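Encoded as structure tokens, the structure appears first; notes follow it.
The values are calculated or read from the model by the stated rules, or taken from the named source; none is laboratory data. No experiment lies behind these values; they were computed from the predicted model shown. A quick note on method: Cβ atoms are made from the backbone with ideal geometry, for glycine too, and the neighbour counts reach across all protein chains shown.
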Amino acid sequence: MRATLRSMVQRLAAFFRRRRLEDDLDDELRSHLEMSIERNLRRGMSPADARREALRSFGGVEQTKEIYRDQRGLPMIETTLQDLRFGLRVLRRSPEFSILAILCLTLGIGANAAVFSWVEGILFRPYPLVSHQERLLALAGTAREEKSTETSWPDLLDLQRNCKFLDALFVSKITGATLSIGERADITTGSIVSANYFDAIGVHPILGRGFEPGEDAGRNAHPVAVISYQLWQSRFKGDQQVIGKTQRFNNVLHTIVGVAPQGFYGTFVGWAMNFWVPASMEEAFEAEGYKLEDRGARWAEAYVRLKPGVTRDQAQQEISVIASRLEADYPETNRGRGIKVWPLWQTPFNNAGTLLPTLEIMLAVVAFVLLIACANVGNLLLVRSFARRHEMTVRLAIGAGRGRLLKQLLTEGLIVSALGAAGGMLVAYWCRHALVLLLPARSGIAMHLPGEIDGRVLALSAGVCLIATLIVGLVPAFQTRNLDLAGALKAESSGVVGGRGRAWVRSSLVVLQVCLSFILLVGAALLMQSLQKIRTTSPGFTTTGVLETGVSVVAAGYDVPRAKIFQDELIERVRSLPGVESAAYARLAPLGYGSYSSTPIAVDGYEPPPNEQPTAEYNQVSPAYFATLGIPLISGREFTRADDENAPLVAIVNETMVARYWRGQNPIGQRLQVKGKWVQVAGVSADSKYESMRENPKPFFYVPLRQDFARGPGLNIRTTQPLQTIQAAVTREVRAIDSNLALYEMITLQEQVDRSTSPQLVAVTLVTILGGLALLLASIGLYGVMSYAVSQSTRELGLRMALGAGASNLLRLVMSRGLAMMAAGVIIGAAVAFGLTRLLGNLLYKVSPHDPLAFGSAFAVMTITAIAACVLPAWRATRTDPARVLRH
Amino acid sequence: MTSPQSEVLQGTLDLLVLKTLDSMGPIHGFGIALRIQQVSEDLLRLNQGTLYPALLRLEQRGWIVSKWGASENNRKAKFYSLTRAGRRQLEQEAESWDRMSTMINRVLRTT
């Protein structure tokens, strides 16, 4: 045992000193032979005989050296190094080939690595610096008809007290705040968090402290804040004495108690957080008042960390038990509601959930691109391996084992794919932040969707590189398997364009490429059509010439009476601005981030089926809302100034609601019960889109803002003026009323629509880019194979010409061969795509996964590309000079 | 065709080398080859070249050490000598060789 270990060490040492040891060996063997010769001379032999006898009794000097070397060093590594050196030399000798191959793999591996890094950075390890993210889960409520809801503070406290499987439960609710510094008021994003937040995520402020237990209890009791590193740098110029200073957030003076470390962006996928306040300050940041003691107020976004070794299912079971106990104990707020934990990548309340389907599809797409790239490089190597067949055969003939040849080919594949992988990592590094670029920018909110190139991404990419090596190296190796020694050592046999023979490997690679890129084209076409459909679907309101913004009155600490006065004053000022046609408030803008209130309803004369509690969502809007947004009123009237707190309660319902609850009868004047109170239907509006462009028509109604007041509604303005003009004017008016107020970002409703469809846009953009890349790679493959086939079969082409075939015949011959490959690829691709496109799932909108237009356009693009790829080789075939060919 | 010479049995070469070094003291490769041939009265057909990988193997295991020196004719040569571990190994191998040959002899006689 000791001896074996010892000899391993010696071999390793020898491996690094092999040049010197080689000289030693030469010296030793020479001295042996010389001594042997001397002895033979002494025994009376002639010098020539003495030498011959010495060599004979020694045996083969070179064989001895070879055995000696194998014994001395690490032959595996030494031959590998030889292969590497040889491979590099071979690659250097044909730079065009090498660059093309490496470029293909760079794109293939780079696309994979980039998507891996996005998946890692957005879905699996979304929160930089947060410890043990593999044990983090998102926690959300469930209700009968809703996949997920926010959770209420009292429910969370009960959960925290009773769950044995949880290390920690913490709240992190995204919020916006007006940050006032001197005269300036600006808007930034932050989080309302539970007091255990920083401890639970294992992030320690670099200055000051996190929150202390109890700081999340008591109404407005603890005005303290931790600020982000970026905020510390940009607003406080990195002031070391910042702790203990005060800062107005939403016009409430907060004491800064900590500065978060650099690179910590909070716990919300998509946006970077700039400050954190304890939940006790919730009222200053959330629109609907103090909610910590209201079990019915669901506003919190929560996460849990499992104890080590606990599975999600175990935790879910325990949580479900507690949730059903809460349901029994508090039926009036919790009936029909549950609590569910989600893996981070499915987090229902941030951008992880929206991007998940896109990223899933991207994983499949980049795998396709990689395969196409590999097929290309495999093909290139294959073509070259024909050129190198002679070399291979000679090596076999002088005794190289087939294993050794295989190793050589794999080593060459490895060199190419390792260089490709290195390039790929660069591509991934450059693309880290590319997702943000694809999403529309929002002013004031720092988008943050980083790719994360960590050990796992590197390992996966290395795996991809190895797979690429295998594919790329084995294709030509497969070809050498049936090298016919005798045949190949004779002259190169020339190929035939129409012949089958050995060319089938290359052809099937091309078919594979065509097939894969056809599938990608179909996918891209489907997604494009969906986006087109989404973009051209009418949202039910006017998108041009209508602006949307809001004012930070909640943030400025306005109470309800003051907010009412302010709203009235502002709307008068806005309406009298030049170029403003109308203006109105609405608690929520259509397609925005917030969620509508939902209420159980009852309708006179409508008997709900048993076990069904009709519910509907509603919005609180001011007079002229429908005129401003351009939502048609079918019958009845708009809300007016007269529909205030003192007037009878009224509502405007949408058409779907009329159809469902009044069976199409005119509901004007009928009664509707909302939150236990009866209101009278005053009008019927057309259906429109409320939360998403892709939603189906749903029952929805409106109540006057004054009868269900919200302090911080959005402001909608219909105007003929450009946005900048109105923005400046409204800002001026707001400041004129109160200089502590800030105007939220002003956007057109078209912008709002575009933002809400941005996941589709991202998917379309990425799939189209990669589909184009795939098409390019596939056409290079097709071109390469056809060019090679033509160049290898000049003899046959010449013969055909000599026998009277015209240029058009040859053109047809070559083209038909190329197009046959394409057709085979398209047929297989269409069959596979037919089964696969279903997986695009809800990224498709009003487009069948088997849409003939998508398949048709993919076919057209593929055909044009294939013809383009074959034309040049075909043309070259017609230029064959029969006389010259026949002379050879 | 039968030859009076016999091939060196796999593995016995190590034993022969160790034994030679034990009885001759430090000696170079050619010396070892010569010695083995003389002692075996030319009955062993030894490709002298095969000696060198064997010497390397023994050295790697720490049973012998080598040192450059000058031969009797003042020629540069590598001299090998037995280490303590090598001597132990020789004893063990000699013993197991004895056991083995006794056993084989017994088998040959009884059948």
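Points to keep in mind about this one:
- Considering residues of region B:71-92 that are of a type in the set (D, E, K, R) and at the interface with chain A (Cβ under 7 Å from one of its Cβ atoms) only, the residue nearest to the chain's Cα centre (by Cα): B:K78
- Identification of helices (runs of 4 or more DSSP H) wholly contained in region A:40-110 with 2 or more residues that are of a type outside the set (S, T, Y), more than 10 Å from chain B (Cβ to nearest Cβ) and free of Cβ contacts under 8 Å to residues at least 12 places away in the same chain yields A:47-58, A:75-93.
- The helices (runs of 4 or more DSSP H) found wholly in region A:245-361 and carrying at least 3 residues that are in contact (Cβ under 8 Å) with a residue 24 or more places away in the chain and closer than 24 Å to A:S552 by Cβ occupy A:282-285.
- When B:A33, B:A77 are checked against the criterion of being assigned to a strand (DSSP E or B) and not aromatic (F, W, Y), a single residue qualifies: B:A77.
- Restricting attention to region A:5-29, the residues being more than 8 Å from chain B (Cβ to nearest Cβ) and either loosely packed, with under 14 Cβ neighbours inside 10 Å or under 18 Å from B:R61 (Cα atoms) (or both) number 14.
- Only one of B:E59, B:E41 that is part of a loop (DSSP other than H, G, I, E, B) and either modelled with pLDDT under 90 or at the interface with another protein chain (Cβ under 10 Å from one of its Cβ atoms) (or both): B:E41
- One residue stands out in region A:781-812 among those that are closer than 18 Å to A:T865 by Cα and among the hydrophobic types (A, V, I, L, M, F, W, C): the one that is farthest from the chain's Cα centre (by Cα), namely A:L811.
- Qualifying residue in region A:258-268 (condition: on the phi > 0 side of the Ramachandran plot and in contact with a Pro (Cβ under 7 Å, 6 or more places away or on another chain)): yes
- Top-ranked residue in region A:170-182 [being surrounded by fewer than 22 Cβ atoms within 10 Å (Cβ to Cβ) and among the aliphatic types (A, V, I, L, M); ranked as nearest to the chain's Cα centre (by Cα)]: A:I174
- Unique match (being out of contact with any Asp or Glu (no Cβ under 9 Å at 6 or more places or on another chain) and assigned to a helix (DSSP H, G or I)) among A:L169, A:L137, A:L159, A:L129: A:L159
- Matching residues, region B:38-52, being closer than 25 Å to A:L21 by Cα and surrounded by fewer than 20 Cβ atoms within 10 Å (Cβ to Cβ): B:N47, B:T50
- Residue that is farthest from A:I717 (Cα to Cα), among those in region A:548-580 that are touching a Ser or Thr at 6+ places or on another chain (Cβ under 6 Å) and either at pLDDT 90 or above or assigned to a helix (DSSP H, G or I) (or both): A:G579
- Among the residues making up region A:664-686, those that are out of contact with any Phe, Trp or Tyr (no Cβ under 7 Å at 6 or more places or on another chain), part of a loop (DSSP other than H, G, I, E, B) and in contact (Cβ under 8 Å) with a residue 12 or more places away in the chain are A:N666, A:P667, A:I668, A:G669, A:K675, A:A686.
- Sole residue being within 23 Å of A:T64 (Cβ to Cβ) and of a type in the set (A, V, I, L, M), chosen from B:A70, B:A94, B:A54, B:A85: B:A54
- Residue match in region A:361-378 (condition: touching an Asp or Glu at 6+ places or on another chain (Cβ under 6 Å) and either surrounded by 21 or more Cβ atoms within 10 Å (Cβ to Cβ) or at pLDDT below 80 (or both)): no
- Note on region A:512-553: residues that are within 30 Å of A:R817 (Cα to Cα) and either among the small types (G, A, S) or surrounded by fewer than 24 Cβ atoms within 10 Å (Cβ to Cβ) (or both) total 5.
- Single residue of A:R337, A:R384 found to be touching a helix residue (DSSP H, G or I) at 6+ places or on another chain (Cβ under 7 Å), under 30 Å from A:A315 (Cβ atoms) and basic (K, R): A:R337
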